[in-house]
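Reviewing the structure listed below.
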Amino acid sequence: MDLYEHQARELFAEHGILVPRAEITDSSKEAREIARRLGGRVVVKAQVKTGGRGKAGGVKVAADPAAAELTARQILGMDIKGHTVGTVMLAQPVDIEDEFYVSYVLDRTAGTFLAIASAEGGMEIEEVAAARPEAVARIPVDPAEGVTTATAARIATAAGLPPQTVDVLVRLWNVLTREDAVLVEVNPLVRTAQGQILALDGKVTLDDNARFRRERWGTRETAHGDPLEADAAAKGLNYVKLDGEVGIIGNGAGLVMSTLDVVAGCGARPANFLDIGGGASARTMADGLNVILSDPSVKSVLVNVFGGITACDAVADGIVSALDSVRLTKPLVVRLDGNNAARGRAVLDSRAHPLIQQVPTMDGAARRAAELATDAD
Ligand code: GDP
Ligand code: MN
């Protein structure tokens, strides 16, 4: 998960990296008040999780509080690369003497971290790297050793950064490692006319696997895009909308992935990916069925469960009780195998719903669901 600039700078400040004074707001009226508090002249910055805001007109200097209100009104609601601006940050302007680029990224291929630094900050680092690769230093960082003062000095020297940046490089490493980040980037890191080193922009990407202990930033990304995906995300389901006609529910990502393949192999197209995981409670089953059945392109639904820790009779109970709250409008093909499969099948048999049929094998069930989807045309 990416953080907003104002969240990234919070972390920077907590780790002793200097940032300009700033406040955020979603109202242009309040922007005027904030500008007054900050001394009148401010930089108004769109808060969106994408770079290149400056070029897109999302970063502007306002000379006084009245101009700040006007500028905030212009920037709020603006679209920057598909991101709508809902919040602006107003920051005290800084007298820039020099702009640098510094970042730490996880280099998955090399299995290590990489410090990337350049004395040519302010512009897009990709452009600098393309035009003058020698201007960008790339130094591997041993994760066990981390960035000591000596390592930081090596990075600064290689990139041609002034010695005052060494301390910031160490602190930025602390942000990466102590805040569960996989990327931290400051562009530009600036030297002011007074010789201070300040982070004027910040990007932090957190490790999603650590989200459970980072509730401060929200436990899930606000879903955007497909309304079914947003609905599923709100219900805590692992759902991805696809463009076919066979709805799919399974337990375990691997099984669901291979179910998609088998359905495709039968000449039909999967309408979605939905992994109900280990629990498969009645609630999860009802939620999952509801999301899938509200997709108008779905013609049939395939439930493919291999009971390991999950018992098939619990899944069957889940389906049966889901029928209380879900109006089944499309044929449901169920394949139950593994732990307590016989009991699970018996539960569904005794419910005897006209739209539910059971097929004992994965291939057979996929073929049946594919046929039903094609027949429905
Ligand atoms: P980005 O375009 O999304 O990377 O947004 P930045 O936060 O990096 O802002 C773009 C540019 O605006 C920076 O590279 C700076 O040159 C400039 N800028 C941002 N804040 C200030 C400031 O306080 N004073 C001055 N003079 N320029 C600033
Ligand atoms: Mn920037």
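Of note:
- When Met1 is tested against (1) at pLDDT below 95; (2) within 16 Å of ligand 1 (Cβ to nearest atom); (3) not basic (Lys, Arg), just one condition goes unmet, and that condition is (2).
- Considering region 57-171, the qualifying strands (runs of 3 or more DSSP E), each wholly inside and each with 3 or more residues that are within 19 Å of Val186 (Cα to Cα) and either open to solvent by less than 30 Å² (accessible area, probe 1.4 Å) or modelled with pLDDT under 95 (or both), run over 88-91, 96-107, 112-118, 136-141.
- The residue that is farthest from ligand 1 (Cβ to nearest atom), among those in region 11-26 that are surrounded by fewer than 18 Cβ atoms within 10 Å (Cβ to Cβ) and assigned to a helix (DSSP H, G or I), is Glu14.
- Test set (1) more than 21 Å from Lys203 (Cβ to Cβ); (2) touching a Leu at 6+ places or on another chain (Cβ under 7 Å) - Val19 fails condition number: (1)
- For region 165-184, a residue qualifies if it is within 16 Å of ligand 1 (Cβ to nearest atom) and farther than 16 Å from Ala152 by Cβ, and exactly one does: Leu183.
- Strands (runs of 3 or more DSSP E) contained in region 264-342 and holding at least 1 residues within 14 Å of Ala369 (Cα to Cα) and open to solvent by 10 Å² or more (accessible area, probe 1.4 Å): 332-338
- Among residues of region 153-173, those that are more than 15 Å from Tyr104 (Cβ to Cβ) and among the β-branched types (Val, Ile, Thr), counted: 1
- In the condition set (1) over 23 Å from Asp231 (Cβ atoms); (2) among the polar types (S, T, N, Q); (3) in a helix (DSSP H, G or I); (4) touching a residue at least 40 places away in the same chain (Cβ under 8 Å), Ser350 is compliant with all but (4).
- Test set (1) under 26 Å from Asp375 (Cβ atoms); (2) part of a helix (DSSP H, G or I) - Gly254 fails condition number: (1)
- Some residue of region 30-42 being within 10 Å of ligand 1 (Cβ to nearest atom), open to solvent by less than 60 Å² (accessible area, probe 1.4 Å) and either of a type outside the set (Ser, Thr, Tyr) or over 11 Å from Ala72 (Cβ atoms) (or both): yes
- Count - residues of region 48-88 that are more than 16 Å from Pro20 (Cβ to Cβ), away from ligand 2 (no atom under 16 Å from the Cβ) and not acidic (Asp, Glu): 16
- Of the residues making up region 44-56, those that are open to solvent by 30 Å² or more (accessible area, probe 1.4 Å) and either without any contact (Cβ under 8 Å) to a residue 40 or more places away in the chain or near ligand 1 (Cβ under 9 Å from one of its atoms) (or both) are Thr50, Gly51, Gly54, Lys55, Ala56.
- Beta carbons closer than 8 Å, at least 6 apart along the sequence or on distinct chains, pair a first residue in region 103-124 that is in contact (Cβ under 8 Å) with a residue 60 or more places away in the chain and on the phi > 0 side of the Ramachandran plot with a second that is assigned to a strand (DSSP E or B) and of a type in the set (Ser, Thr, Tyr) for Gly122/Tyr101.
- Residue within region 241-248 that is under 24 Å from Asp208 (Cβ atoms), open to solvent by 40 Å² or more (accessible area, probe 1.4 Å) and among the aliphatic types (A, V, I, L, M) present: yes
- Residue check for Lys45: modelled with pLDDT under 95, within 16 Å of ligand 2 (Cβ to nearest atom) and not in a helix (DSSP H, G or I): no
- Tally, over region 176-196, of residues that are crowded, with 21+ Cβ neighbours inside 10 Å and among the aliphatic types (A, V, I, L, M): 6
The values are calculated or read from the model by the stated rules, or taken from the named source; none is laboratory data. Predicted model only: the values in this text are computed from it and were never measured. Note that we place each Cβ from the backbone using ideal geometry, even for glycine, and neighbour counts take in every protein chain shown. Keep in mind that these areas ignore ligands, DNA and RNA; they rest on the heavy atoms of the full protein, side chains included. Shrake-Rupley method; radii C 1.70, N 1.55, O 1.52, S 1.80 Å.
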